[in-house]
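To keep things clear, I will list the structure first and then write my remarks on it.
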Amino acid sequence: MSALLDVQDLSVDFPTRRGRLHALDRVSLSIQPGEILGVVGESGAGKSLTGAAIIGLLEPPGVIVGGQVSLEGRRIDKLPPEQMRRIRGRQIGAVFQDPLTTLNPLYTVGRQLVETMQTHLGLSDRDAKARAVQWLVDVGIPGAAERVDAYPHEFSGGMRQRVVIALALCAEPKLVIADEPTTALDVSIQAQVIALLRRLAREHGTAVLLVTHDMGVIAETCDRVAVMYAGRVIEVGSVAAVVHRPSHPYTEGLMASIPALRARVDRLAQIDGAMPRLNAIPPGCAYNPRCPKVFERCRHDRPNLMPAKETQAACWLYAEGAVHG
Amino acid sequence: MADVLEAVKVSRSFDVSKPWLQRMLSRSGRRSLRAVDEVSFSIPKGTTLSLVGESGCGKSTVARLAVGLYPPSSGDIRFEGQSLSSARAQPALRRRMNMIFQDPYASLNPRWRVQDIVAEPLRAFGMLRGSAVGDRVGQLLSQVGLSPADGAKYPHEFSGGQRQRISIARALSSEPDFLVCDEPTSALDVSVQAQILNLMRELQTRLGLTYLFISHNLSVIRHMSDRLGVMYLGRIVEHGPAEAIFTEPRHPYTRLLLDAIPDLDAAGGVGRVRAGVGGEVPSPIAPPPGCTFHPRCPLANDRCRVERPDYTQAGPVEVACHAVEEGRG
Ligand SMILES: Nc1ncnc2c1ncn2[C@@H]1O[C@H](COP(=O)(O)OP(=O)(O)O)[C@@H](O)[C@H]1O
Ligand SMILES: Nc1ncnc2c1ncn2[C@@H]1O[C@H](COP(=O)(O)OP(=O)(O)O)[C@@H](O)[C@H]1O
Ligand code: SF4
Ligand SMILES: [Mg+2]
Ligand SMILES: [Mg+2]
């Protein structure tokens, strides 16, 4: 099966007075049609930049300095802004953490849905209006037929995020990029929104790139997951393998540091230190100063993703001839 | 064991009326919001009581009440048996309680050096002077896993986790017995959260500290708590030994919360089918009558819609729920 989205060696720099910061360093990932891929990592790991670079919303001074992004085999990383804007509505939808960045406060939610569908699907007024109501029903807005004429500020935070999901999906894109879509919501609302996103993606065969720092959300929603650290993808694999049987020592440490809901321990496993800042990424494997399994090679050679147990991991423990960790 | 802190039917309301002129023009009356509603608990020395609930349910207001930053509208809070309103007046008692906040960025003065931030309570309570202050600050910084040399730096030179360590060092400097921790790791990444939670538990054992610990994260709560109170719209709806509540949640809201948490064990499964996760928390300005949870509750009946449930003892746990009382929980 050929990938819907294919990202190869994507690199993003921030030029600063004190030199260039490599915010994304040869990030590669792919998504199959209809697949939900999670991107997880600690804050500053480069998750949002990855999403933004893919949909051409990188904010200056950030620039793509290498690699490529292809959608259905066609490169989209060098398209003129006008073409990219059309792809964003029609082929790639977006959901961000704060629904107010997506919703226009001056228009009713119905009008925003109608306009999006008319622009991209060429529907008549009546059809578009009817579908707008149907979308609100689908995303679980009570009283959709009346609420279609309400303004964004008349909705609660959780309801607004439902509207944004409807807006992202209504033009029937093949891919939705969702960046921390539930981070601002309370757990009971978060569960509803995640279940909704998953159900709609499945029903419409939409692929999703789900960016979040929450492993629980990843575990419940995704088919595969990519783990980022210091601007790099350091492990990718099926969600069951990455969560329960990770290969990379960082992923192992990360998973072990999450308190369990079902049992109580005296002490949590902890990774000492912190993820390096962009201006102080160590040579070799970026994780090497914190890694309990570090050895000589890790300190000067940078590992790329390689087959490792059940996943792909950027870790020298899995190089050919190495004694496995 | 003796209780360090005891809350007896504590309520706190806020006036949320429109300004006087607007009220006159629109002929509307004063409005008040009951953020905390007859909350009672006690915390034995050296243990942790946690409060969990969704945003707006009154956790931070309880935190402020517990250290005397707000006076209660009614009810009483006692520190070692003394009413807080009189205890706060005595510096000797005041230095024995302190608070750690969620946001380690906002709670540290950016223009002060770390050593001055940490020493501030020492000076405020006149506990030490001269070179003894510097020695004590060095000790406190080591105790939270920083180096004494870090005292010369400013907060912006530290990561989020390190800043939370600085807040903890400051909170510990007046040698308190009781700490209120309001979402101390909610702004931190999970790996850093593990470091801070481990540190807090170590310090508790070493120094015999008593914690009122607040979080919306149930996994964190389970890790930290001896006793637990689940809050909904200002009320504690279930209260008891944490392990008992986690093993057998009784209140429908506690069950909903536990059911809603994204679960690592779900990885690779077909996605959980969730029962009864619906609705949103209503506005505390006009809470529903009867049991305030009834609009979202799968077990609600007519009684729940009109009569406010009292506490029922269910095993080691107290639950405010008619269904539990009637044995249909
Ligand atoms: N305008 C900018 N200038 C310099 N660095 C930036 C800028 N925007 C983002 N970064 C850096 O890029 C890195 C990745 O950021 P981001 O993708 O937002 O992380 P995440 O979403 O994983 O938390 C961070 O270290 C951040 O500080
Ligand atoms: N100073 C205040 N004035 C008016 N309303 C307040 C004030 N502090 C808190 N509230 C309200 O009281 C309720 C409880 O708030 P809070 O204790 O901060 O909840 P939590 O910490 O659980 O999120 C909320 O509805 C909040 O808006
Ligand atoms: S009292 Fe009634 S409405 Fe409230 S939680 Fe119990 S069953 Fe539900
Ligand atoms: Mg981000
Ligand atoms: Mg709070």
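A short reminder: the numbers here are calculations on the coordinates, not readings from a lab. None of these values were measured; they are calculated from a predicted model. When we count neighbours, we look across all protein chains shown, and the Cβ atoms used for this are built from the backbone with ideal geometry, even at glycine.
Rounded to the nearest 10 degrees, the angle from helix A:81-90 to the longest Cα principal axis of chain A is 70 degrees. Computed from Cα atoms alone, the Kirkwood hydrodynamic radius reported for the protein assembly as shown is 27.0 Å. Rg and Dmax, both from the Cα atoms of segment B:79-207 and both in Å, are 14.5, 42. Annotation: amide H of A:Val65 within the under-5 Å range of A:Ser11, A:Val12, A:Asp13, sequence separation 5 or more or interchain, hydrogens built in the peptide plane.
If you model chain A as an ellipsoid using its alpha carbon gyration tensor, with each semi-axis the square root of five times an eigenvalue, the axes come out at 37, 22, 17 Å, biggest first.
Sparse packing (at most 13 other Cβ atoms within 10 Å of the Cβ) combined with a DSSP loop state is found for the following trypsin sites (Lys or Arg not before Pro) in segment A:239-271: A:Arg262, A:Arg267. Shown here for segment A:261-324: GluC sites (Glu not before Pro) in loop regions (DSSP other than H, G, I, E, B) with at most 15 other Cβ atoms within 10 Å, namely A:Glu310, A:Glu320.
222 nm [θ] for chain A, helices only, -39500 (n - 2.57) per DSSP H run of 4+, per residue, to 500?
Working: 10 runs with 101 residues, N = 325.
Theoretical 222 nm ellipticity from helices: -9000 deg cm²/dmol.
What translational diffusion coefficient, to the nearest whole µm²/s, does segment A:149-225 have by Stokes-Einstein, given a Kirkwood radius computed over alpha-carbon pairs, a temperature of 20 °C and 1.002 mPa s viscosity?
Values: Rh = 12.9 Å.
Taking Rh from Cα pairs, D becomes 166 µm²/s.
Taking the Cα centre as origin and putting +1 on Lys and Arg beta-carbons and -1 on Asp and Glu beta-carbons, what dipole magnitude results for segment A:1-142, to the nearest 20 debye?
On the way: 16 positive and 15 negative charges, 71 e Å.
The calculation lands at about 340 debye.
With R₀ fixed at 45 Å, the C-beta to C-beta distance from B:Lys9 to A:Gln134 puts the FRET efficiency at about 0.35. In a Debye calculation with equal point scatterers on the alpha-carbon sites of chain B and no solvent, what is log10 I(q)/I(0) at q = 0.09 Å⁻¹? Debye intensities relative to I(0), on a log10 scale: -0.54.
Cβ crowding within 10 Å ranks B:Ser85, A:Ser30 as B:Ser85, A:Ser30, fewest other Cβ atoms first.
What is the order of B:Lys59, B:Lys45, B:Lys9, fewest Cβ neighbours within 10 Å to most? Working shown, then result.
On the way: B:Lys59 24, B:Lys45 15, B:Lys9 12.
Ranking B:Lys59, B:Lys45, B:Lys9 by Cβ neighbours within 10 Å, fewest first, gives B:Lys9, B:Lys45, B:Lys59.
Taking the Cα centre of each part, how many Å lie between segment A:171-234 and segment B:20-85? When both Cα centres are located, 37 Å separates them.
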